[in-house]
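All remarks here apply to the structure that follows.
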Amino acid sequence: MQVNGLKDRAQDLRKSFIDSLEEDIRDFLINEAELHTYDDLTKVNPVTPSTVLKCLQARYSAKVFYTHAGCTLVALNPFQPIPDLYSLDVMREYHSAPQPQEFKPHIFIVAEEAYRNVQGQVEPMNQSLVYSGESGAGKTWTSRCLMKYYATVAASSQKCQDTVEKIERRVLGSNPIMEAFGNACTLRNSNSSRFGKYIQLQLNGSVLLSLRFTHEHEPEMMKGATGKQRLEWMLPLDQDFAWLPHAEKTLEEDCLQETVEAMINLGIDESKRTQIFRILAGLLQLGNVDFRPALEEAQTCDLDEHSKGTADLLQVPLDELQSCLTVRTLRAGKQNVLKLCSQSECSVRRDCLAKVIYAQLFDWLVTFINNSMCADRSMWCNFIGLLDVYGFECFLLNNLEQLCINYANEKLQQHFVAHYLKAQQEEYVTEGLQWSFIRYQDNQGCLDLIEGSPSSIFSLLNEECRLNRASDAKQFCVRLQKELSHNASISWDKFSKQPHFTVAHYADKVSYQIEGMMEKNKDPVPPELISLLQNSQDSLLHSLFADGDHESEGLRGHSKVVTVISKFRNSLESLMKILHSTTPHYTRCIKPNPDCRPLTFKREEVITQLEACGIVETINISAAGFPISNQAVLGSAVEDVLNVVLKRRASNSTLSPDDNNNMVHCGRTKVFLTHSLLEMLEVHRNRVRSQKAFCIQCCWRRYQNRQRNLKRQAATRLQVWMDALAEAELDDAEDFIENEASSALPKLDRLLKERGSVQLSSIQEPVMVRGWPIGLAMASPPSITVSLTATGFQRIMSMMACLKIPFRNGEYKVKTNQFDQGVASIRAQPRGSIKVHLQRSPLLYADMHPVHKTDVVTGFNQILLERP
């Protein structure tokens, strides 16, 4: 009876909680007119799939396509161009904003945050922008917008406009090429990425751009080619191509001219462009090659006329092409044995030839783009990575391609879970926060099923491919059931006639057909096909296979087989290693309807994606947790700063102390903050910095003013002192008259000997005469050279100025060694005897302000000469 009572009480509590939750949801949804104003889903209360979905639907109806979801951004695809949403003015507005987070949610906020993290941190860390979602959710468009944004804001730091335009052309020019050659039209998306693209935007110390990439969409040729090009490429208007089933469909991405211009901007010359398009045209013709069974058993299959066009475009011998497609070379010991291929085997070899050519051409383009734009390692220090990877796929028929694509998405989902959901909550517990774990969907079980050890889908596929025997789909299905039935993420449909297995991915359940999966994993390239391409007369096609480093089943012998899965895993592991070394920024792209119709919101479609990618759990953790954490080296000092800010906030608000405590928590080694408290700290820091800057400015200006006053006072005192000395000397000066003697040397006066020196050419013994620093006027005959050194301020200056020396030819010249100090005299030609009279002190004409000026001449003194 007691147990039943506890159960009844638990049921009553659960029912009460559910009723209360439903009442909260109803209260929240009453004001539907205001739902579109919730720019951050953490403000939704309560946070449930229903409330989040309703809020997103309201914003989508209001043509608002970006919404914050805590630490991530949710982007809904409008499936139509939105004017002014990605314009240059909007880019500059977000880039120049002091706090971009205060603006409306936008992909540019995520881009700017990553850009400022590289630019502003003491030790900048590489950044990664990861945008995930289903095929058709808008990831490729997001990649375009981000590349345009970084090309604009990073290049704008350049002073030269030509450099800015060159950077933009280079960065943005790579995108049309990669989309044209790496994307395809699928059932779910007209521009679906068929490869993973990780772009490194390399930044130097000044945060300027360099660029690097790390690692069948041909309808553009059909719609953009001119008549002359069609004739050259053998593409008549009325011809259909088997590998272009939707060639008549008009797509926004069909733009051959844009692709050609991008090639030109990246430095692909005309001859290379011609070779590239000829090879593509040859592949289109190769896809139309059909095989007819031979009339006799000992004969090869017959090929139709399209094989001739293929041979001409690829510039290979026609007979060798036909032989390679219809005859197989087997290695038996040391001898080669020829075996005729069946009609189906011929089709497989045809597809294999096309695939290996296209794969090598695509790799060549990626290498060329990297070599064209990648800067030397010494020229850049950090990078921002943009990851555009194929989205989650689920078709009616799924095979190895979809398994690899969905496996990559599982790895990205695990990275998101580990970074945002799992690690964050574990850190709270480690730091001593009182935290109750929020449940989330962990996809580790699914990853163990696909790639785990010792047994997994990948390991069993690789083992099957390494066995030298024919593949059996039913036998492999039985082995999967035997080895992996313990994993809850795999299941089988007992009523299905085709061998298959179903994997419960994080996004949805997907059923994979086993038939043909082993052959695709082996991916054999017959050696005769490689030899054919090495003998091509087309220089580009020949260079793609000239190194001979291409695996082929005949050349491998008993060496280890490198499968498609092995190569894919190695490439993905390299990518994940880069992501783990960077600071990630996640954007969840949502596909609002399966038919790609503009502004159409399907609730069932959206809710499935929200639940799959863990948006609701992310919102709950972000709303309840602390998105900001900092190392607390000085614990007491940090607490003092936080207390000052919280006290200031408490005095200006009506919140309780408990609300303040919920905004910050000091852990054992870190301090955890909410966004609101972080903004308060930023405001407080800006206020304190402004006050300190104002104080420094005041002190500096006061110092400068004092220095100017001291210099002005010193100049004034010196001026007055010099003026007084000059007036005293002029008042006490006496005239000295020297008599001319034509036969004997002049006698030097005793006073002249004592007070100065006049160096005359006719006087053997120099005599010192001191005087300072007024310009002196000396009359001398042509045969006498006078050199005067003025040092001191003595009366002899006045006597020498008044000394009368006769002149013979009427020429008179006065020089002084005081010009370097800014004092100079004028040159005069007096008649007869003269008298130099100083009416004013020369310092009255000097510059009174001791500040360097380049536009005026200073230190020029005026000496007035008058006749006696």
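The values are calculated or read from the model by the stated rules, or taken from the named source; none is laboratory data. Treat the numbers as computed from the prediction; the structure is a model and nothing was measured. Ideal geometry is used to build each Cβ from the backbone, glycine not excepted, and the neighbour counts take in all protein chains shown. Protein only, heavy atoms only, side chains kept; ligands, DNA and RNA dropped before computing areas. Shrake-Rupley method; radii C 1.70, N 1.55, O 1.52, S 1.80 Å.
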Taking the range 357-388 and keeping residues closer than 18 Å to ILE578 by Cβ and polar (S, T, N, Q) leaves ASN370, ASN382
Would a scan of the range 326-340 turn up a residue that is more than 42 Å from the chain's Cα centre (by Cα), basic (Lys, Arg) and in a helix (DSSP H, G or I)?
no
- Query: Residue check: is TYR115 in a loop (DSSP other than H, G, I, E, B) and either open to solvent by 10 Å² or more (accessible area, probe 1.4 Å) or in contact with a Phe, Trp or Tyr (Cβ under 8 Å, 6 or more places away or on another chain) (or both)?
  - Reply: no
LEU314 meets each of (1) open to solvent by less than 30 Å² (accessible area, probe 1.4 Å); (2) over 23 Å from ILE276 (Cβ atoms); (3) at pLDDT 85 or above with one exception, condition (2)
Evaluate the following for THR502: is it buried (at least 20 other Cβ atoms within 10 Å of the Cβ), among the hydroxyl-bearing types (Ser, Thr, Tyr), at negative phi and modelled with pLDDT of 90 or more? no
All conditions in (1) touching a helix residue (DSSP H, G or I) at 6+ places or on another chain (Cβ under 9 Å); (2) open to solvent by less than 60 Å² (accessible area, probe 1.4 Å); (3) farther than 22 Å from PHE545 by Cα are true of ALA281 except (3)
Per the list (1) open to solvent by less than 40 Å² (accessible area, probe 1.4 Å); (2) over 31 Å from the mean Cα position of the chain (by Cα); (3) modelled with pLDDT under 80, residue check on VAL389 breaks on (2)
Filtering the range 536-546 for residues that are within 16 Å of PRO317 (Cα to Cα) and either surrounded by 16 or more Cβ atoms within 10 Å (Cβ to Cβ) or modelled with pLDDT under 90 (or both) leaves a count of 3
| task | Consider SER342 carefully, then state whether it is at pLDDT below 90, touching a Phe, Trp or Tyr at 6+ places or on another chain (Cβ under 8 Å) and within 30 Å of ASP304 (Cα to Cα). | result | no
Scanning the range 411-444 residue by residue, those in a helix (DSSP H, G or I), open to solvent by less than 80 Å² (accessible area, probe 1.4 Å) and either among the hydroxyl-bearing types (Ser, Thr, Tyr) or more than 21 Å from VAL671 (Cβ to Cβ) (or both) turn out to be LYS411, LEU412, GLN413, GLN414, HIS415, PHE416, VAL417, ALA418, TYR420, LEU421, TYR428, GLN444
Here the residues within the range 506-535 that are at pLDDT below 90, basic (Lys, Arg) and either more than 30 Å from SER489 (Cβ to Cβ) or open to solvent by 70 Å² or more (accessible area, probe 1.4 Å) (or both) are LYS520
One residue is enough: does the range 450-461 have a residue meeting the conditions open to solvent by 10 Å² or more (accessible area, probe 1.4 Å), under 18 Å from GLY516 (Cβ atoms) and not in a helix (DSSP H, G or I)?
no
*in contact with a Ser or Thr (Cβ under 7 Å, 6 or more places away or on another chain) and either closer than 23 Å to CYS381 by Cα or not β-branched (Val, Ile, Thr) (or both) - does that describe any residue in the range 92-103?*
no
SER347 fails exactly one of (1) open to solvent by 40 Å² or more (accessible area, probe 1.4 Å); (2) small (Gly, Ala, Ser); (3) closer than 30 Å to SER539 by Cα, namely (1)
Of the conditions (1) open to solvent by 30 Å² or more (accessible area, probe 1.4 Å); (2) modelled with pLDDT under 80, the single one that MET234 does not satisfy is (2)
Of the residues in the range 300-311 that are under 20 Å from GLN229 (Cα atoms) and open to solvent by 10 Å² or more (accessible area, probe 1.4 Å), the one that is modelled with the lowest pLDDT is HIS306
SER378 meets each of (1) closer than 20 Å to VAL525 by Cβ; (2) in a helix (DSSP H, G or I) with one exception, condition (1)
Per the list (1) under 29 Å from SER342 (Cα atoms); (2) at pLDDT 85 or above, residue check on GLU297 breaks on (2)
